[in-house]
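Notes follow the structure.
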Amino acid sequence: MAIPRSFRLLEELEKGEKGGSQACSYGLTNGDDVTMTHWNGTILGAPNSVHANRIYSVEIICDDTYPDNPPLIKFLSKINLQCVDQATGDIIVEKFSIMKNWKRSTTIEDCLLELRKEMVTPANKALPQPKEGSTF
């Protein structure tokens with residue numbers, strides 16, 4: 001039997017608040033959001049890349065179809081990655097394998113860590129980046 005959406009999101013929130021990963025963090029945008037729809041996150045730029053020592057902010061929306069479908073993720077910090085729409089900051093699902101091949105067991109943290117891995121792929125690691133601190 002599938003875990004209900006609210007239980008799943010509570011588990012993710014608890015893990016996010018405990019700071020499970022050194023490379024990313026995430027939590028509710030508003031602690032009063034009982035639907036647990038609007039989240040924010042940060043991703044530390046991958047070392048040994050043009051992203052080193054940068055902190056990227058993202059907006060995450062877990063709509064009613066989550067976790068059966070991936071969350072919507074949008075970079076607020078400008079970043080040049082092949083899977084990010086350069087006009088809006090939105091993740092392009094077709095170009096981001098973890099979302100394109102979504103599994104119900106995949107988490108918000110998995111998505112953020114996978115975005116960090118994208119930063120050091122051969123196609124992305126040397127791309128020129130916008131000025132640090134610029135936003136979409």
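Each reported figure results from applying straightforward, stated rules to the coordinates on display, with no laboratory input. Predicted model only: the values in this text are computed from it and were never measured. Note: ideal-geometry Cβ built from the backbone for every residue, glycine included; neighbour counts use all protein chains shown.
Highest mobility in the GNM of the chain, judged by mean-square fluctuation with C-alpha springs under 10 Å and restricted to 19, 45, 31, is found for 31. With respect to the chain, whose longest principal axis is taken over its alpha-carbon atoms, helix 108-118 is tilted by about 10°. In the chain, the DSSP-assigned H stretches of four residues or longer account for a calculated mean residue ellipticity at 222 nm of -6000 deg cm²/dmol, using -39500 (n - 2.57) per stretch and the full residue count as denominator.
Say each of residue 72 and residue 85 gets a label point 7 Å from the Cα, pointing the same way as Cα to Cβ; how far apart are those two points in nm? My value for the distance between the label points is 0.9 nm.
Overall shape: prolate for the stretch 34-75, with the ratio a/c of the largest to smallest alpha carbon gyration tensor axis at 1.5 or above and a/b above b/c.
For residue 121 and residue 105, the difference between the fully extended length at 0.36 nm per residue and the C-alpha to C-alpha distance is 3.3 nm. Decide, for the stretch 5-58, between rounded, prolate and oblate: order the square roots of the alpha carbon gyration tensor eigenvalues as a ≥ b ≥ c, take rounded if a/c falls under 1.5, and otherwise choose prolate if a/b is larger than b/c, else oblate. Prolate, since a/c reaches 1.5 and a/b exceeds b/c. Computed on the Cα atoms alone, the convex hull of the chain gives a volume of 106 cubic angstrom per residue. Working from label points 7 Å from Cα in the Cα-to-Cβ sense, the residue 64 to residue 2 distance is 1.4 nm. Taking a ≥ b ≥ c as the square roots of the Cα gyration tensor eigenvalues, with a/c under 1.5 meaning rounded and otherwise prolate when a/b beats b/c, else oblate, which class fits the stretch 80-136? It is prolate, given that a/c is not under 1.5 and a/b is the larger ratio. Note on the stretch 37-67 and the stretch 71-122: Cα centroid distance 8 Å, given to the nearest whole angstrom.
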